[in-house]
Amino acid sequence: MANPELECQTVSHRVAVIGGDGIGPEVVTVALDVVAAAGVELDTTDFHLGGARYLEDGTVLPDEILEELRGFHAILLGAVGNPEVPPGIIERGLLLKARFALDTYINLRPFELDSGQEFLVIRENTEGTYAGEGGFLKKGTPDEVATQGSVNTRKGVERCIRYGFELASSRPRKHLTLVHKTNVLTFSGDLWQRTFNEVAADYPHVETAYNHVDAACIYFVEDPKRYDVIVTDNLFGDILTDLGGAISGGIGRAASANLNPDRTGPSLFEPVHGSAPDITGKGIANPVAAILSAAMMLEFLGEDEAAARIKRACAMASDDGDTATMAAAVIAAL
C-alpha cells in the first residue's frame, strides 16, 4: 500500500505562469530561478496571454483558459500591457476578469521602510469603481455624458475588513487603520465605516484608527511608521499602494498578492511595476518585485521557511546592476 505521508511530501505545487508582456517574462524567469534555488519544487505551466497575444489573434482571456486556470494552486504573473493595445482591453479583459472570476477579493501589498519596519495595505479587489458600473450617453457629441459608479456590497466590504482585523491580530502591533473619504463619499464611506466599527467589536485587542485618503497620502510620505495594517477600498488602495512602493525602495521592489482566502480558486501573485516597454530586452529590469511576489506565493502555498529566506535575501541584495547581477546577488544571499 502507498504511504500517504510520502505521497504528500512528493507532490509539488501546480503553478500557472503568465509571463505576459515587456519585462514580464524576464522578471518571472528570474523569480522562478530563485524559488528553485530556495529548494521549492513547482510544477509550472506557461500561458501565453497579454498584449502581445491580443495583437496576434485577438485573444484576451477566453473562458476555456480561465477554467483551466481554476485547476492550479496559484498563478504567477509577470506583467501585461502593450502600447499598441487600446487602454482597458487587457486591463479589464484579463486582469479584472481573472480577479473577479477567481474571487481574489483581497489585494495585499507589503512595504518595508528603511528602518526595517513593515506595514501592509489591504485593498478590496473585486468591487468599487473597478466593477464596471457606468456608461456613456451621446458619446462623441458635445452633449456627451460619462458615468462611473462605485459598487460596494455589505458582503464584499465586511469580508475585506474582517481579513484586515485577522491580519492585524497576527502582528505584534495589532493596529488597523481604515482609509476612505467618508466626509464626501457619504454612501459608500458610511457602509465602510459602519461595517468597520461593527467588526471591530469582535476584535477588542486590535487598536483602530481612521484616515481620510488625502491625509493618508501625506502620512505615507511624512510619517509612514504610524501604520501597521491598512484596509481600504479598490480605488484608494490602487493609488495608495503605488505611493507605498515609491517610499519603500521604489516600484522595482513592490510586490503584490491577489488572494482568494477561501481557496475556492487559485490566488494570483504579481509585481506591480507594469510591463515597462521602454526597457524591454535590455536586461536592466529590477527583478526583486517579482521575486518578492513569488515569495508571497510560497507563503500562501505553505512554504513559509523558503519564503522567509527569499525575503531576507532580497533585503540583503542591492538594486545596483543589471537583471542578471541582481538575480545572482539574491541567489547568493540565500
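Every read-out reported here was derived from the displayed coordinates using simple, explicitly stated rules and does not represent laboratory data. On a predicted model such as this, the values are computed, not experimentally measured, just so you know. We place every Cβ from the backbone using ideal geometry, glycine too, and count neighbours over all the protein chains shown.
Order 113-122, 142-151, 14-23, 288-297 from most to least packed using the mean count of other Cβ atoms within 10 Å.
Output ranking for 113-122, 142-151, 14-23, 288-297: 288-297, 14-23, 113-122, 142-151.
Any idea what the dipole of the stretch 114-247 comes to, in debye rounded to 20, about its Cα centre with Lys/Arg Cβ at +1 and Asp/Glu Cβ at -1?
So the magnitude is around 260 debye.
Please report, in debye to the nearest 20, how large the charge dipole of the chain is about its Cα centre when each Lys and Arg carries +1 at its beta carbon and each Asp and Glu carries -1 there.
Its charge dipole is roughly 720 debye.
Under 29 Å between C-alpha atoms is the cut-off here; go through the chain and count lysine pairs that meet it, provided they're at least eight residues apart or on different chains.
Within the chain, the lysine pair count is 11.
Choose one of ILE291, HIS205, LEU94: the residue whose Cα lies farthest towards the positive end of the charge dipole of the chain (beta-carbon charges +1 Lys, Arg; -1 Asp, Glu; about the Cα centre).
Working it through, the farthest residue towards the positive pole turns out to be HIS205.
Using mean Cβ contacts within 10 Å as the protection proxy, how do 249-255, 172-178 order, highest first?
249-255, 172-178
Place +1 on the Cβ of every Lys and Arg and -1 on the Cβ of every Asp and Glu in the chain, take the dipole about the Cα centre, and give the residue among LEU120, ILE310, GLY78 whose Cα lies farthest towards its positive end.
Of the options given, the answer is LEU120.
From the list [x] 19.9; [y] 22.8; [z] 20.8, can you say which value of Kirkwood radius over Cα pairs in Å was derived from the structure given?
Matching entry in [x] 19.9; [y] 22.8; [z] 20.8: [z].
Just in the stretch 125-208: which chymotrypsin sites (Phe, Trp or Tyr not before Pro) are loop by DSSP and have at most 11 other Cβ atoms within 10 Å?
PHE187
I'd like to compare 25-31, 81-87, 215-221: which one has the highest average count of other Cβ atoms within 10 Å, and what's the full order after that?
25-31, 215-221, 81-87
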